[in-house]
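Heads up: the structure comes next, in C-alpha cells.
Readers should treat all values here as calculations from the given coordinates under stated rules, not as data from a laboratory. Predicted model, so just to flag it, every value in this text is computed and none were measured. A quick note on method: Cβ atoms are made from the backbone with ideal geometry, for glycine too, and the neighbour counts reach across all protein chains shown.
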Ligand code: NCD
C-alpha cells in the first residue's frame with residue numbers, strides 16, 4: 001500500500017513520472033479532452049484538520065476529474081466539535097467507505113498515525129511545519145511548464161522558511177531535480193535543519209535568481225511580521241525590477257498582500273501564483289493515480 005508523507009516516498013523514477021503525467025494532464029484539461037485514467041471508481045475522503053482553500057478544492061476537483069467519489073469532512077460542523085478524537089474521526093470516515101484519505105493536520109506524526117489506524121493509503125495535504133509534498137510537486141510542474149526543466153535553475157525561497165512545510169518539501173525536492181536552491185531571510189526565519197545554503201542579504205542574490213519563491217509569515221506557528229522584515233525582504237516593484245528579465249515570482253498562497261509581496265508584483269505577467277494553483281489539479285490527479293497504482 002502506498003503512502004505519500006514526504007517527497008521522499010516517491011522513488012526518483014516515480015517522481016519523474018508523476019511530474020510528467022501532471023504536465024500531460026494539465027494540457028488535456030486545458031484542451032477539454034476527456035481524461036483516461038486507470039484509477040477510476042474509487043472514493044476519496046478529504047479530512048482537513050487545518051484551514052485550506054486551494055489544496056482541499058483542488059484535491060476535490062482532481063478526484064472528480066478521475067471519476068472518483070469525494071467525501072469532504074467539514075471540520076466546524078463535524079463531531080470533532082463535540083470532542084471526537086482524531087482517531088475516532090478518521091476511523092469513522094474510513095468505515096463509511098473510502099479507498100484513500102487526503103489529510104491535513106497541525107501535528108507532525110499525525111498522518112502516519114492516520115495511515116496506521118485506517119489501514120488506507122494516505123496523501124499528505126500539509127503536516128505541521130514538516131512537509132507538504134503535493135505543493136512541492138505542483139511547483140516543480142509549474143517550473144517544468146514555464147522553463148522546460150528544473151535542472152540548472154537558481155531558486156531563492158524567501159521569508160519564513162523555518163515555519164514553512166512548503167519550504168521544507170521544496171528544499172528536499174528541487175535540489176534532487178538539479179536546481180540550486182537558497183533559503184533567504186533574517187536569521188530567525190532560516191533553518192539549519194534544511195540542507196540548502198542560507199542567505200540573509202536578498203539584494204546580493206536577486207539579480208542571479210531565476211525564481212523568487214515568496215513565503216507567507218506563519219503567525220499561527222509563532223512567527224511575527226515586523227517593519228524591518230518588510231523593509232528587507234518584501235518583493236516590491238523595485239526588487240522585482242532587480243530580478244533577471246526572465247525570472248519569475250512564485251508563492252504557494254495564501255498571500256498576505258503588502259507583507260511578503262505587493263499587489264504591483266502580483267499583477268506582473270511573470271508572477272506565476274495562479275498558474276501554481278491551476279497546476280494543483282493535474283498534479284493531485286497524478287499523485288492519486290500513483291497512490292492507487294499497484
Ligand atoms: C500553504 C500551506 O498550507 O502550507 N498553503 C498551501 O497549501 N498552498 C502555505 C501557507 O499556508 O502559507
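Scanning the range 93-147 for residues that are in a loop (DSSP other than H, G, I, E, B) and more than 16 Å from the ligand (Cβ to nearest atom) gives 98, 99, 109, 119, 120, 121. Of everything listed in (1) within 16 Å of the ligand (Cβ to nearest atom); (2) in a helix (DSSP H, G or I); (3) without any contact (Cβ under 8 Å) to a residue 40 or more places away in the chain; (4) in contact with a strand residue (DSSP E or B) (Cβ under 7 Å, 6 or more places away or on another chain), the single unmet condition for residue 57 is (4).
Consider residue 22 carefully, then state whether it is more than 18 Å from residue 113 (Cα to Cα) and touching a helix residue (DSSP H, G or I) at 6+ places or on another chain (Cβ under 7 Å). So residue 22 fits the description; yes.
The single residue among 25, 71, 86, 29 that is more than 19 Å from residue 165 (Cα to Cα), away from the ligand (no atom under 16 Å from the Cβ) and crowded, with 22+ Cβ neighbours inside 10 Å turns out to be 25. When residue 294 is tested against (1) over 30 Å from residue 45 (Cα atoms); (2) surrounded by fewer than 19 Cβ atoms within 10 Å (Cβ to Cβ); (3) more than 16 Å from the ligand (Cβ to nearest atom), only condition (1) is not met. Would you check if residue 88 is without any contact (Cβ under 8 Å) to a residue 24 or more places away in the chain, in a helix (DSSP H, G or I) and over 30 Å from residue 178 (Cα atoms)? Answer is yes for this residue.
Taking the range 201-277 as the region of interest, the helices (runs of 4 or more DSSP H) fully inside it that hold 1 or more residues being farther than 19 Å from residue 180 by Cα and either in contact with a strand residue (DSSP E or B) (Cβ under 6 Å, 6 or more places away or on another chain) or away from the ligand (no atom under 15 Å from the Cβ) (or both) are 227-233, 237-242, 263-266.
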